[in-house]
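A short worksheet on the structure shown next.
The values are calculated or read from the model by the stated rules, or taken from the named source; none is laboratory data. In this text the structure is predicted, and so the values were computed from the model without any measurement. For neighbour counting, all protein chains shown are included, and Cβ atoms are generated from backbone atoms with ideal geometry for every residue, glycine included.
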Amino acid sequence: MELSMKLKQFRRLLDLVYIGNWVLNSTRGDDRIAEFDEVESLVFNKCKELGLGHLTEPLSGSAIPSRSFAEGGIHEAIMEYEDTIFFEILAEELARRDIVNEGGTEDDTDQINERIVAYIAEFERNGTDNIVLNL
């Protein structure tokens, strides 16, 4: 297979491959999905021949993202995504809980959506500062 792209596009492809493998494997510990690590290695292996050798380093015969790549801002993008997803999931879970606790059902989508919007607005203003747990 042959794929033609500009160097800047290849650099973006590195980001996409890294983010994808991070999402799929970063929480798996020793139970990583090897096929995704292999694809990441194949893509990062092309870095040297394209003058991007500083973005990769060898590990056990494979090419992996270098420390300079990993510390170059990619994790800020991942963290931004994780923050957004965290608040969206939390808003939906709280909205569903509230509606059910008030005698409604999870089929009350309009009410749930209104609550989600309200929770998201609260989180945008105050983050988690106003969340109280009664343990």
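Descriptive notes on the structure:
- Every pair of residues 6+ apart whose Cβ atoms lie under 7 Å, when the first sits in segment 21-45 and is free of Cβ contacts under 8 Å to residues at least 24 places away in the same chain and within 18 Å of Ser66 (Cβ to Cβ) while the second is assigned to a helix (DSSP H, G or I) and aromatic (Phe, Trp, Tyr): Asn21/Phe36; Asn25/Phe36
- Consider segment 48-68 and keep the residues that are in a helix (DSSP H, G or I) and of a type in the set (Gly, Ala, Ser). The one that is farthest from Glu38 (Cα to Cα) is Ser68.
- Test: residue in segment 94-104 that is modelled with pLDDT under 95, in contact with a helix residue (DSSP H, G or I) (Cβ under 8 Å, 6 or more places away or on another chain) and outside any helix (DSSP H, G or I): yes
- When each of Ala34, Ala63 is tested for being surrounded by 14 or more Cβ atoms within 10 Å (Cβ to Cβ) and over 30 Å from Thr128 (Cα atoms), the lone residue that passes is Ala63.
- Condition met for Leu14 (more than 30 Å from Ile131 (Cα to Cα), assigned to a helix (DSSP H, G or I) and within 19 Å of the chain's Cα centre (by Cα)): yes
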